[in-house]
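Here is the structure we will look at.
The values are calculated or read from the model by the stated rules, or taken from the named source; none is laboratory data. Just so it is clear, the structure is predicted and the values come from calculations on it, not from any experiment. Cβ: placed from backbone, ideal geometry, glycine included. Neighbour counts: every protein chain shown. Each accessible area value is taken on the protein alone, full model and side chains, heavy atoms only, with ligands, DNA and RNA left out. Shrake-Rupley method; radii C 1.70, N 1.55, O 1.52, S 1.80 Å.
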Number of protein chains: 2
Amino acid sequence: MNGAESLVRTLLANGIDTCFANPGTSEMHFVAALDQVPGIRCVLALFEGVATGAADGYARMTDKPAATLLHCGPGLANGLANLHNAQRARVPMVNIVGDQATYHRPLDAPLTADTEGWARPVSAWCRTSTAVAAVGRDAAAAVQAARTAPGIATLILPSDVCWDEGGEVAGAADIAAPPAASPEMVGRAARILRSGESTVLFLAGASLRAGPLAQARRIAEATGARIMAPTSNARIERGAERHRVERLPYVIDLALAALKDVRHMILVGAPEPVGFFAYPGKPGRLLPPEAQLHVLTRAEQDGPLALEQLADALDAPPAGVPAPAARPEPARGKVTSEAVGRTLAALMPDNAIVVDESVSFGRAFYAETVDAPSHDWLQLTGGAIGEGLPLATGAAIAAPDRRVITMQADGSALFTVQALWTQARERLDVTTVILANRKYAILLGELASVGANPGRTALDMLDLSNPDLDWVGIANGFGVEAAQAQNMEEFADLMATANNRKGPFVIELII
Amino acid sequence: MNGAESLVRTLLANGIDTCFANPGTSEMHFVAALDQVPGIRCVLALFEGVATGAADGYARMTDKPAATLLHCGPGLANGLANLHNAQRARVPMVNIVGDQATYHRPLDAPLTADTEGWARPVSAWCRTSTAVAAVGRDAAAAVQAARTAPGIATLILPSDVCWDEGGEVAGAADIAAPPAASPEMVGRAARILRSGESTVLFLAGASLRAGPLAQARRIAEATGARIMAPTSNARIERGAERHRVERLPYVIDLALAALKDVRHMILVGAPEPVGFFAYPGKPGRLLPPEAQLHVLTRAEQDGPLALEQLADALDAPPAGVPAPAARPEPARGKVTSEAVGRTLAALMPDNAIVVDESVSFGRAFYAETVDAPSHDWLQLTGGAIGEGLPLATGAAIAAPDRRVITMQADGSALFTVQALWTQARERLDVTTVILANRKYAILLGELASVGANPGRTALDMLDLSNPDLDWVGIANGFGVEAAQAQNMEEFADLMATANNRKGPFVIELII
């Protein structure tokens, strides 16, 4: 057995059955091994950032890693921005990066690059296999590393260790359960919550699923604590009959206002709230100076269990199922953030997955959809724009029986527009709404926030209207049907049609 | 004056007047400063890989650096693949990368990344300015570093050093001329050339311009030496009335055959020839073991001067101007690599710039165009596919009075397809020929080269035909006119039309 076959068999033995790939020369034996060993679904991407963003979306919906297959240092580099987002989402992922043969690397052929150097900043684990007999063992270690914590593992495979004979399959590696919160911390959190002082439970990661949110609601109802989440989150289970969680606003002044009366913040897998950027004359830490931070669980600990233990420690009664509110009607008239959010709430099917890379225009979407049917809400976690379309692609592969609806800013969509082709190829049930304001609108806001006063040159740099992008043409070119909406009535018609058909559809909404 | 203004004024004082930009929040003061200080032309890109590839094309045609403007670590990451190519092209470039404020970075906000860590592998020089008073000095040092050697300089600017007051403009930094070859090496090369043993002059970089190629021809005619260049080169001046240079073939067996009788290779700014990849059972070094390597000039030395000195040392008479051959007629009938090359030779205007990212299909283009009107030939130097469209964009900005013709493989074009929009926005005279074979054809060849035997799964991973990409639709969507050609007659008609109109045009050639 060659190294490539030992790799494929080891990945399968360790529960990896999906691979998002943009292969190159150095991965040819891996590609060939996929023929020999059935069981791994390969999804082709036309750009590496699509592959890594899709693997992120897949992991958010399955809680297990997909593999990516990338080609040498530059291929990895094209995937780094979405690996950055995935790292911030704390998802498991295993990158397989083909590279120059071990004995060829010293010759510095043109495609030779510092693959490890580029991988390390986004990898919790990074290793280059240097002998064929090590490939299986290294692959198992990569999956183990990805699933313990969880995080991103990057395994770099020189071509000769793939084609050499002598591969050895490694069995399933042990995956440690996340450590529990210490009883002392649970007890301390209970005392703080009983104090009556203004307290926020600040939740992230697995604690934003429906079960732990119900535990958090028990605590809130028993103590008056607020339940909040960071501005951007990997996945929130929400909608009708689920317990709400408020998100910290992105805009710095709104975030400061939201936290101004807080005296205690209990972190459950979340980091301390800080500004997305620094702004002249504004604080970076968003809590008032007199507020105290308490860590119930760090990100790698078991937040859901800690919430249950804390609720029990408080003798909090169970939280009831929230009464379903009346579902809104689709909005009419002018295209506003509120109107689009309301129509989304009115028309999303049960159990949808909403991918939100709406950036500036979408700030009302979350509030407007609180009473929509139960759904998952996936966001850009690392601020590296261009993850919406890939994230939706991976989520749709992970959950083929659910509709994915992507609320996508136009400027950001352009970074990874190639994802549309993969959606067409795999016939994924994805409705993409391109929010076409034809500018980098968020930057106009940021220019104002930092006190800059833009002139013609500056405004030109933030303007995407010369020429206008034709999203219907672009989507069609990539094999996806599309149509344009210029008002809320047309938008509602298209959204209803798109959500009820098989396969992908793009709605260009002029905003 | 704030730091951003000191940066802009320093760049101008150091001869930088063009900036390829995809700005973000952390660059807002730089963008605002461009309003205050006229003189820098800003070219907006929708993706960072377009900006870095365009800066490479600009530098190849002007021999001076453009600036790029990129946003934080992930924005830089999106530009790395083409920075890798630019590094292999040995062009000067100055990257300005905005980043988190110095005092905000420790808070690890979501967009915080290891910007320096990602920059270093592709940067000859890399620095983060940490105080406003240092910005001007650091910017001048960056330009100096980029122009001395030349290479890529990356200056990382935290947002606060841009907005703080106290900026100091730095004047023009000294740029050292490239060092001359040692007289001993010139004398040794002359002795080898006089020996009568089979000798190759292996030229790269500036030695591939028309003047030094005429000097190399003097040497060849006096001594019988062969003149060769690496497989991929930043820029070759060629065509009718210029002296020819043979390129080393890409395919390993052809390359070995081309060099099998060589006894001496004299390197003039070129590296030793090695295989692009390793292949089982084939050597990595391409010269026969008994051949001797001699370094006349290293890449950073003055190759053109050394060639002139060497020709003089040999008392070689001047090389005549080659007699112009008859220009071919456009090809008819079946679409082959030779036919497309011939039509290109027949229809390219005088003084065109040809950007060649034709990958597998274009292997006859170079030979077929040897008697075309004089032109420049630009290639993908680092093997990171997706540079053709950006390279053409930057070359067209650098040389607005010349036609750029991009011979572009379809799979590779998809990595940076957003460049078409910049071509439309800037009304650049670029003819793009998309060579649409609807597969990763080179990988099918590489699969065979490494002895792998592809089955259904493997073939699916190399296939771009499900669904077919519609390049006319994609180009139109990005604002560029386009049409499809299915045979050589249609191709010739479109090529003639495209080359004679203003602005960009895309020809999808079905191959």
Could you tell me whether any residue of the range B:446-460 is in contact with a Pro (Cβ under 7 Å, 6 or more places away or on another chain), modelled with pLDDT under 95 and crowded, with 17+ Cβ neighbours inside 10 Å?
yes
The helices (runs of 4 or more DSSP H) lying wholly within the range A:106-184 that contain at least 2 residues that are closer than 28 Å to residue A:85 by Cβ are A:115-119, A:135-147
Mind listing whichever residues of the range A:417-444 are touching a Ser or Thr at 6+ places or on another chain (Cβ under 6 Å) and over 30 Å from residue A:481 (Cβ atoms)?
none
Taking the criterion of being surrounded by 19 or more Cβ atoms within 10 Å (Cβ to Cβ), closer than 20 Å to residue B:99 by Cα and not aromatic (Phe, Trp, Tyr), would at least one residue in the range B:164-183 satisfy it?
yes
If we scan the range B:300-310, do we find a residue that is within 13 Å of another protein chain (Cβ to nearest Cβ) and either aliphatic (A, V, I, L, M) or in contact (Cβ under 8 Å) with a residue 12 or more places away in the chain (or both)?
no
Before we move on, is residue A:492 crowded, with 20+ Cβ neighbours inside 10 Å and either assigned by TED's automatic domain parsing to the domain that holds residue A:283 or in contact with a strand residue (DSSP E or B) (Cβ under 7 Å, 6 or more places away or on another chain) (or both)?
no
Residues that are within 14 Å of the chain's Cα centre (by Cα) and within 24 Å of residue B:414 (Cβ to Cβ), at least 1 per element: which helices (runs of 4 or more DSSP H) completely within the range B:1-89 meet that?
B:48-62, B:72-89
Which listed residue, of A:30, A:20, is under 26 Å from residue A:375 (Cβ atoms), touching a helix residue (DSSP H, G or I) at 6+ places or on another chain (Cβ under 6 Å) and of a type outside the set (A, V, I, L, M)
A:20
Which of the residues belonging to the range A:271-280 are open to solvent by less than 10 Å² (accessible area, probe 1.4 Å) and closer than 26 Å to residue A:180 by Cα?
A:273
How many of the residues making up the range A:248-280 are touching a helix residue (DSSP H, G or I) at 6+ places or on another chain (Cβ under 6 Å), outside any loop (DSSP other than H, G, I, E, B) and within 14 Å of another protein chain (Cβ to nearest Cβ)?
1
For residue A:321, only one of the following conditions fails: (1) open to solvent by less than 40 Å² (accessible area, probe 1.4 Å); (2) in contact (Cβ under 8 Å) with a residue 40 or more places away in the chain. What is its number?
(1)
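Which of the following residues is in the same structural domain as residue A:80 (by TED's automatic domain parsing) and at positive phi: A:149, A:142?
Working: A:142 fails: at positive phi.
Going through A:149, A:142 in turn, just one is in the same structural domain as residue A:80 (by TED's automatic domain parsing) and at positive phi: A:149.
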Out of the range B:270-286, which residues are free of Cβ contacts under 8 Å to residues at least 40 places away in the same chain and either within 18 Å of residue B:203 (Cα to Cα) or in contact with a Ser or Thr (Cβ under 9 Å, 6 or more places away or on another chain) (or both)?
B:272, B:274, B:275, B:278, B:282, B:285, B:286
All but one of (1) at pLDDT 95 or above; (2) away from every other protein chain (no Cβ under 14 Å) hold for residue A:361, so report the exception by its number.
(1)
Of everything in the range A:461-487, what is more than 7 Å from every other protein chain (Cβ to nearest Cβ), open to solvent by 30 Å² or more (accessible area, probe 1.4 Å) and more than 30 Å from residue B:464 (Cα to Cα)? Give them in sequence order.
A:463, A:465, A:486, A:487
Which members of the range A:90-105 meet the condition of being assigned to a loop (DSSP other than H, G, I, E, B) and within 10 Å of another protein chain (Cβ to nearest Cβ)?
A:100, A:101, A:102, A:103, A:104
Some residue of the range B:392-411 being within 11 Å of chain A (Cβ to nearest Cβ), touching a residue at least 60 places away in the same chain (Cβ under 8 Å) and not small (Gly, Ala, Ser)
yes
Test: residue B:355 is touching a residue at least 40 places away in the same chain (Cβ under 8 Å), assigned to a strand (DSSP E or B), within 24 Å of residue B:232 (Cβ to Cβ) and not assigned by TED's automatic domain parsing to the domain that holds residue B:233:
yes
If a residue counts only when it is in the same structural domain as residue B:485 (by TED's automatic domain parsing) and among the β-branched types (Val, Ile, Thr), which helices (runs of 4 or more DSSP H) contained entirely in the range B:368-466 have at least 2 such residues?
B:388-398
Under 7 Å between Cβ atoms, at least 6 apart or on separate chains: pull out the pairs that start in the range A:417-442 with a residue that is at negative phi and more than 13 Å from every other protein chain (Cβ to nearest Cβ) and end on any residue that is charged (D, E, K, R) and open to solvent by 10 Å² or more (accessible area, probe 1.4 Å).
A:429/A:403; A:429/A:502; A:431/A:403
Taking into account only those residues within the range A:281-298 that are part of a loop (DSSP other than H, G, I, E, B) and touching a helix residue (DSSP H, G or I) at 6+ places or on another chain (Cβ under 6 Å), which is most open to solvent (accessible area, probe 1.4 Å)?
A:282
Considering residues that are part of a loop (DSSP other than H, G, I, E, B) and surrounded by 14 or more Cβ atoms within 10 Å (Cβ to Cβ), the number found within the range B:185-206 is 3
Restricting attention to the range A:47-103, and to residues there that are within 29 Å of residue A:177 (Cα to Cα) and among the hydroxyl-bearing types (Ser, Thr, Tyr), which single residue is surrounded by the fewest Cβ atoms within 10 Å (Cβ to Cβ)?
A:62
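Could you list all residues from the range A:29-45 that are at the interface with chain B (Cβ under 7 Å from one of its Cβ atoms), in contact (Cβ under 8 Å) with a residue 60 or more places away in the chain and buried (at least 24 other Cβ atoms within 10 Å of the Cβ)?
Within the range A:29-45, just A:29 meets the criteria.
For residue B:332, state whether it is basic (Lys, Arg), over 30 Å from residue B:444 (Cα atoms) and away from every other protein chain (no Cβ under 14 Å).
The answer is no for residue B:332.
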